[in-house]
Amino acid sequence: MTLTINERFKKKVSVDPETGCHVWTGAKVRGGYGHFRVGKRMVPAHRWIWESIHGPAPSSMKVCRSCNNPSCVNPADLCLDTHSSYMTRKGKLGRLARGAKHGHAKLEEADIVKILDLYNNHRYGKNELGRMFGVTSETIAKVVTGKRWRHVTN
């Protein structure tokens with residue numbers, strides 16, 4: 001007997017009695033976000049359950065969780081939000097990859113301290129610092145103006 005898509009979904013969910021979260025036990029991607037196979041595609045599990053209940057979400061909106069659990073697919077914990085608001089909330093919850101933990105980071109926190117020291121003491125300019133640390137002068141400019149790596153001080 002072949003399972004329906006809803007039955008397959010439910011088999012990959014376990015309810016946490018303490019939090020009430022419906023924890024996804026199936027495939028997950030980096031960060032613990034559940035993914036579910038629908039036909040030939042893998043889709044975010046939380047988005048699939050939200051859309052199966054409410055219909056398609058606008059492409060400009062994110063399906064977010066109020067519980068701060070990336071594996072949660074509890075419809076009661078899901079809501080729509082803008083990308084900007086979602087990222088602000090994620091930052092406040094400490095769930096954004098910052099600094100060297102960011103997947104595209106070429107610098108470490110110790111590099112930032114050194115860059116700020118060298119720049120602030122007028123020993124080197126942005127172009128020179130960029131060459132020294134293997135990044136562009138624009139990256140150095142963002143570091144010294146606090147647009148990037150603002151959580152690091154020297």
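Kindly indicate the residue of the stretch 92-130 that is basic (Lys, Arg), exposed (fewer than 13 other Cβ atoms within 10 Å of the Cβ) and more than 28 Å from Cys67 (Cβ to Cβ) and also modelled with the lowest pLDDT among those meeting that condition.
Lys106
Out of the residues in the stretch 27-55 meeting the condition of being under 16 Å from Thr4 (Cα atoms) and not in a strand (DSSP E or B), tell me which one is least open to solvent (accessible area, probe 1.4 Å).
Among those that are under 16 Å from Thr4 (Cα atoms) and not in a strand (DSSP E or B), it is Ala45.
Are there any pairs with C-beta distances below 6 angstrom linking a residue in the stretch 48-74 that is closer than 14 Å to Gly31 by Cβ to a residue that is at pLDDT 90 or above and part of a loop (DSSP other than H, G, I, E, B), with the two at least 6 apart or on different chains, and if so which?
Every condition considered, the pairs that remain are Asn69/Cys21; Cys72/Cys21.
Take the residues in the stretch 68-82 that are open to solvent by 40 Å² or more (accessible area, probe 1.4 Å) and of a type in the set (A, V, I, L, M, F, W, C), then tell me which one is farthest from Pro17 (Cα to Cα).
Looking at residues that are open to solvent by 40 Å² or more (accessible area, probe 1.4 Å) and of a type in the set (A, V, I, L, M, F, W, C), I get Leu80.
The values are calculated or read from the model by the stated rules, or taken from the named source; none is laboratory data. These numbers were taken from a predicted model, which means no experiment stands behind them. Methodologically, a virtual Cβ is constructed for each residue, glycine included, from the backbone with ideal geometry; neighbour enumeration extends over all protein chains shown. Calculation scope for accessible area: heavy atoms of the full protein, side chains included, ligands and nucleic acids excluded. Shrake-Rupley method; radii C 1.70, N 1.55, O 1.52, S 1.80 Å.
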